[in-house]
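Taking it in order: structure first as C-alpha cells, then the write-up.
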Amino acid sequence: MDAAHPDPAPAGAPPGRERPTAADAGPGADAPQRRASLRRVGPGIVVAATGVGAGDLVATLVAGAELGYTLLWAAVVGCVVKIALAEATGRFHLATGTTIIEGWRSLTRWATGYFAVYVVVWGFVYGATAMTASALPLAALFPDVMPLAAWGALCGVAGLVLVLTSRYAVFEKIMTALIGVMFVVVVGLAVLVAPDVPAMLAGLVPRLPDGSVVYTLGLVGGVGGTITMAAYGYWVNAKGWHDRGWMRVMRWDNRTAYITTGVFVVAMLVVGAELLNAASISLTEGDRGLLDLGQVLEDRFGAVVATVFLVGFFAAAFSSLLGVWNGVGLLFADFVAVLRGGAGSPARAQRPERTTAFRLYAVWLTFPPMLLLLLGQPFQLVLAYGVLGAFFMPFLAGTLIWLLNSARTPRQWRNSWLSNALLAAAGLLFLVLSVVQVLSYLT
C-alpha cells in the first residue's frame with residue numbers, strides 16, 4: 001500500500017484509535033510542501049537549546065582541554081546523529097497524525113511502562129540537577145545575596161511560572177533569546193582565544209588516540225541528547241505543524257537548529273583547546289567546572305569577560321530547565337491521556353500547558369526536588385536516575401526504527417536506508433554509552 005491508501009491500524013494500537021488518513025491528518029496533508037525559511041525555525045531551536053546544558057559544556061571543554069582539536073570530528077558526527085533522531089521523531093508525528101507516546105503504546109505495554117518509571121525517577125533527580133546548574137552562575141554573580149539552594153529554588157519556581165503561563169509562541173521566544181545569548185557568548189569566547197585553524201582542520205580527520213574513547217563517546221552522544229529529543233514532535237505540533245505538508249519545514253527547522261548547535265559545540269571545544277589545554281588547566285567535575293573556567297577567564301581577560309561568560313552559563317542552564325519543564329510535561333500529559341484512552345492528544349490541544357497532568361508534572365519537577373538541594377542526592381536514587389537515563393536514548397532510537405519501518409507509518413514516509421543506518425548507529429552508540437555510564441555508577 002502507499003500513502004494514498006493507508007494501511008489498517010496495527011494490532012495492539014490504543015483502543016479507539018484508528019490509523020489516520022490524509023483527511024484525519026488535517027488540511028494540507030497531501031498539499032505541496034510548505035516553503036522553508038529562517039522565519040519558520042522554532043521547535044528545533046527549542047529542542048537543541050534544551051539538550052545543551054551546563055554538563056554538556058563541561059564535557060566538551062574537558063575533551064578540548066585533554067586532547068585539543070583531536071576529537072573535532074566526533075562533534076560533527078554527534079550533530080549528524082542528533083539531526084537523524086530529531087527528524088525521525090518529527091516525521092513520525094507529522095506522517096501519522098499520532099504522537100510518540102501513542103506509537104510506544106501501539107508497540108507493547110513494556111514501552112509505556114518503562115517510560116512511566118523513567119519519567120518519575122528521572123524527573124525527580126533532574127529537577128534538583130537543573131535548579132542547581134541554573135543557580136551556580138547566579139550565586140557566583142551575586143555571592144552575598146542568598147545561598148545556592150535558595151537560588152536553585154528561585155530558578156525552579158521561575159521556570160514553573162513561565163511554562164504554566166506562557167503560550168508556546170512566548171515560550172519559543174524565551175528559548176530563542178536564551179540560546180542566542182549562549183551562542184554569542186561561547187562563539188565570542190572562541191574568537192577571543194584565537195583558534196588554531198590548521199589544527200582544527202586536522203581534527204576533522206577521524207582518529208582515536210590512547211585514552212580517548214570515553215571522551216569520543218561523550219562528544220558524539222552527550223551534547224544535545226536527552227529525553228527532550230522525544231518532545232520535538234510535540235513542539236512541532238505546538239508550532240501549528242500538524243500534517244505532512246509541513247514535512248519540508250520540519251526538516252529545515254531541525255537541520256538549522258542542530259547545525260547551529262554544532263557550531264556552538266565546536267566553539268566550546270576551541271575554548272577548551274586554546275585556553276585550558278595550552279595551560280594544562282583541569283576543571284572540577286560536573287557543572288561547577290564552569291565556575292573554574294570563569295576564574296580562568298577573569299585571570300586572563302578581566303572581570304567583564306568573566307561576567308559575560310557567567311551570563312552565558314546561566315542562559316545554557318536555564319534554557320535546559322525551561323525546556324524540560326515544558327517538553328517532558330507535554331510527554332507526561334500525553335502519556336496520561338493515552339492511558340485513559342482519551343479521544344485527543346494534549347499535544348494537539350490549543351493550550352496543552354493547561355491540562356492537569358502537565359501542571360502536576362511541572363510541580364513534580366519543581367518542589368519535591370528541592371529536598372535534594374538541601375539534603376544532597378541519595379546514592380540509590382542517583383544510581384536509578386543514571387541507569388534509567390542512560391538507557392533512554394537507545395530506547396528512543398530502537399523504537400523509532402520499529403515504528404518508522406512498520407505499517408504504523410504511511411509507506412511514503414517510512415525510513416530510507418540512510419535513516420535506518422543513522423538510527424541504528426545512534427542506538428548502538430547510545431547503548432555503549434549506557435554501559436559505560438552504568439559501570440561508572442557501580443564502580
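In table form, for the structure just shown:
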item	result
Any hit, the stretch 134-142, residues being of a type in the set (Phe, Trp, Tyr) and surrounded by fewer than 20 Cβ atoms within 10 Å (Cβ to Cβ)	yes
Subset of the stretch 83-131 that is in contact with an Asp or Glu (Cβ under 7 Å, 6 or more places away or on another chain) and assigned to a helix (DSSP H, G or I) - its residue that is farthest from Leu373 (Cα to Cα)	Leu94
Residues located in the stretch 399-443, provided they are β-branched (Val, Ile, Thr) and at pLDDT 90 or above	Thr399, Ile401, Thr409
Criterion (in contact with a Leu (Cβ under 8 Å, 6 or more places away or on another chain) and surrounded by fewer than 24 Cβ atoms within 10 Å (Cβ to Cβ)) met by exactly one of Ala267, Ala231	Ala267
Qualifying position, being modelled with pLDDT of 65 or more, under 22 Å from the mean Cα position of the chain (by Cα) and not hydroxyl-bearing (Ser, Thr, Tyr), among Ala357, Ala347	Ala357
Helices (runs of 4 or more DSSP H) wholly inside the stretch 146-230 containing at least 1 residues that are within 23 Å of the chain's Cα centre (by Cα)	148-165, 168-192, 213-222
Residue count for the stretch 60-82, restricted to those that are out of contact with any helix residue (DSSP H, G or I) (no Cβ under 8 Å at 6 or more places or on another chain) and under 10 Å from Val265 (Cα atoms)	0
Filter result for Glu274 (under 29 Å from Leu204 (Cα atoms), acidic (Asp, Glu) and in a helix (DSSP H, G or I))	yes
Scan of the stretch 53-69 for residues that are outside any helix (DSSP H, G or I) and crowded, with 24+ Cβ neighbours inside 10 Å, ordered by number	Gly53, Tyr69
Positions within the stretch 277-318 being in a loop (DSSP other than H, G, I, E, B) and surrounded by fewer than 18 Cβ atoms within 10 Å (Cβ to Cβ), in sequence order	Ala278, Ala279, Ser280, Ile281, Ser282, Thr284, Glu285, Gly286, Arg288, Gly302
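The values are calculated or read from the model by the stated rules, or taken from the named source; none is laboratory data. Not measured: the values here are computed from a predicted model. Positions of Cβ are generated from backbone atoms using ideal geometry, with glycine treated the same way; all protein chains shown enter the neighbour counts.
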